[in-house]
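Step one of this worksheet: look at the structure below.
The values are calculated or read from the model by the stated rules, or taken from the named source; none is laboratory data. Please read all numbers here as calculations on a predicted model, not as lab measurements. Cβ coordinates were reconstructed from backbone atoms using ideal geometry, including for glycine residues, and neighbour counts include every protein chain displayed. Side chains included, ligands, DNA and RNA excluded: accessible areas come from the protein's heavy atoms. Shrake-Rupley method; radii C 1.70, N 1.55, O 1.52, S 1.80 Å.
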Amino acid sequence: MAISLTPQEKQILRTISIPPRPEALVEFSQETKFAEPDISKITKILQGDVAISAAVLQVVNSAAFRRAREIESLEQAIMILGLKRLIPLVKAVAVKATVETPKSLENFWAEQSDIAQLCTSLCNKLHKPALANHAYMLGLFHTVGIPLLCVHFEDYQEILDCAKTQGWSKASALEFEKYNTSHTTISALLAQQWKLPKPMINVIYYQHDASGIFHSGELDILSLELLAILKLARYGNFMTQTAGSLATDEEWVAISDEVLDFIGLSEEEIEELYSDL
């Protein structure tokens, strides 16, 4: 499936600045494509960007990735994790270091980091460890269009308020009505520009238009697995934020039956899974 842009979106996108990949990420990506990548050169490239290198170490030593002993250097991270597992993590932390975030979204990256950590933990709990690193990248990337639109449109807070009180399904409709585009489209375009895997781009693009998608045949199995993990992580994050209240996650209500059917778990088993996490 391809990203479909309306004429109005194309016109608006000419005025919205989608940040290019940082030079360190470009050089890193180029070096990792060689049959025999130079580990010392890769380490030097990452060390040249303090924000990226520090963030990588923070992630690999976080609860979702924790090992018996702390990883103290990039060389250790590469040797222990391997380049295949490190590549999505580098891309994930790079977007966090690159995208401008206005003061009104001061907690934005903290929340996305929580969702990314949940994505990874859920992969491990559901016996899908091979998805963990890409799920982490998806958790950080999936709403990156929000700060970009928040910077561009002075009244974007109205969308955020709507999302907080009525959920993103309604907020997305209002978003498109006001601006003729959406944060999911912007997020998917940035993911495409940063050369993320196609399944991840599809999940980002269709994340709030997912009703019926698990049975439609429109997405491949990898995309559906990532979408299910993302929906579970967003629901888990919602429960954490609203603990003790009677708030309802409309996004989860709309998609829960399809997600649970796809992963083969009951609502009770999911609640038990979150308790373990």
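In region 15-43, the residues that are within 21 Å of M79 (Cβ to Cβ) form Cβ pairs under 6 Å with partners that are open to solvent by 20 Å² or more (accessible area, probe 1.4 Å) and charged (D, E, K, R), at six or more places apart or across chains, as follows: A24/D49; E31/K41; T43/E75.
Each residue in region 95-116 was checked for being at pLDDT below 90 and buried (at least 23 other Cβ atoms within 10 Å of the Cβ), and 1 of them qualify. Count of region 251-267 residues, restricted to those that are over 19 Å from K125 (Cα atoms) and either surrounded by fewer than 16 Cβ atoms within 10 Å (Cβ to Cβ) or small (G, A, S) (or both), is 3.
On inspection, A233 fails the criterion of being under 20 Å from A254 (Cα atoms), open to solvent by less than 10 Å² (accessible area, probe 1.4 Å) and modelled with pLDDT under 90. Among the residues of region 203-230, those identified as surrounded by fewer than 18 Cβ atoms within 10 Å (Cβ to Cβ) and assigned to a loop (DSSP other than H, G, I, E, B) are D209, S211, G212, H215, S216, G217, E218, D220.
Contact map, region 117-135: first residue touching a residue at least 24 places away in the same chain (Cβ under 8 Å) and among the basic types (K, R), second residue open to solvent by 10 Å² or more (accessible area, probe 1.4 Å) and not in a helix (DSSP H, G or I), Cβ cut-off under 7 Å, separation 6 or more or different chains; pairs are K125/L277. The set of residues in region 12-64 that are more than 21 Å from the chain's Cα centre (by Cα), surrounded by 19 or more Cβ atoms within 10 Å (Cβ to Cβ) and assigned to a loop (DSSP other than H, G, I, E, B) contains only D49. Looking only at region 17-44, residues that are under 12 Å from A94 (Cβ atoms) and either in contact with a strand residue (DSSP E or B) (Cβ under 9 Å, 6 or more places away or on another chain) or not aromatic (F, W, Y) (or both) come to 10 in all. Residues in region 268-277 that are touching a residue at least 40 places away in the same chain (Cβ under 8 Å) and open to solvent by 50 Å² or more (accessible area, probe 1.4 Å): D276, L277. Looking only at region 173-189, residues that are open to solvent by 10 Å² or more (accessible area, probe 1.4 Å) and in a loop (DSSP other than H, G, I, E, B) come to 2 in all.
A single entry from L138, L131, L89 fulfils the requirement of being assigned to a helix (DSSP H, G or I) and not assigned by the TED database to the domain that holds V203: L89.
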